[in-house]
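Read-outs: derived from the displayed coordinates by stated rules, not from any lab. Since this is a predicted model, take the numbers as computed values, not measurements. A quick note on method: Cβ atoms are made from the backbone with ideal geometry, for glycine too, and the neighbour counts reach across all protein chains shown.
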């Protein structure tokens with residue numbers, strides 16, 4: 001077969017455009033391609049919901065690739081092993097409830113699991129704003145305003161496009177980017193105990209892991225938080241390269257979305 005350069009270009013443009021067109025109206029839009037949103041996206045896809053992940057960087061996976069300080073191993077506690085099994089991630093017992101996994105394999109398997117479940121991942125896409133709508137006399141987050149990451153980082157004046165979704169999940173990690181947009185744009189007092197976006201506390205693995213799961217939930221009508229963004233929004237501590245709470249928080253939000261959308 002003789003390869004034609006233009007046919008290659010046409011195939012990429014047509015297939016990518018079709019993916020985006022099919023993702024303009026979603027049940028759940030997940031912002032940030034870290035481990036919690038990858039689990040959430042995979043679980044939503046397996047349940048048959050229309051979901052997509054929008055990741056600003058070239059590679060999804062968040063900080064999981066680097067393990068701890070670029071030692072590409074990570075720790076998962078026994079409570080989250082069922083998720084490692086579900087995604088086909090291998091692990092070894094370290095003792096006393098600690099298990100280790102290769103961070104590169106773990107991240108790759110989460111990404112593959114999310115895509116193979118039917119949830120698309122769009123990389124190099126920056127969420128620069130959200131859509132608000134008044135629904136049943138309640139102001140809700142009802143979608144995302146998207147642009148290319150290079151456009152926003154270079155400060156180019158290029159108008160964005162929009163995606164409508166029933167729910168938005170902020171999984172942007174330490175920065176809690178979507179929560180900060182909502183708080184800034186409408187002076188929202190998010191449901192974060194003290195109002196606004198509190199910001200994360202310093203490292204405390206024991207508390208951070210538990211609070212990552214507890215803090216995952218709705219912070220404004222239509223807007224949910226998961227993973228490290230949940231602690232950043234609600235003032236919980238960071239937890240470092242232990243990932244059980246991150247994974248379980250994504251599973252929690254997917255189950256909550258499923259109950260709401262199809263009660």
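Points worth noting:
- GNM result for the chain, Cα springs below 10 Å: residue of 128, 209, 14 fluctuating most strongly: 14
- Estimated [θ] at 222 nm from DSSP helical runs (n ≥ 4, -39500 (n - 2.57)) normalised by residues in the chain, nearest 500: -11500 deg cm²/dmol
- Choice from 170, 27, 136 showing the highest fluctuation, given a GNM over the chain with Cα pairs closer than 10 Å: 136
- Our summary gives the chain a relative contact order of 22 percent, counting only alpha carbon pairs under 8 angstrom and 6 or more residues apart.
- Residues 99, 71 in ascending order of nearby Cβ atoms (within 10 Å, fewest first): 71, 99.
- Order by protection proxy (mean Cβ within 10 Å, highest first), peptides 83-90, 230-237: 230-237, 83-90
- Gyration tensor verdict on the stretch 108-226 (Cα atoms; rounded if a/c is under 1.5, prolate if a/b is larger than b/c, oblate otherwise): rounded
- By the count of neighbouring beta-carbon atoms within 10 Å, fewest first, 98, 224 end up ordered 98, 224.
- Two-site FRET efficiency, residue 259 against residue 70, from Cβ-Cβ distance with R₀ of 25 Å, rounded to 0.05: 0.05
- Sorted by Cβ neighbour density within 10 Å, fewest at the top, the residues 124, 110: 124, 110
- Using a Gaussian network model of the chain in which every pair of alpha carbons under 10 angstrom is joined by a spring, one finds that among 126, 206, 77 the greatest mean-square fluctuation is at 206.
- Global form of the stretch 1-130, assessed from the alpha-carbon gyration tensor, a/c cut-off 1.5: prolate
- Based on alpha-carbon atoms, the Kirkwood radius and the radius of gyration of the chain give Rg/Rh equal to 0.98.
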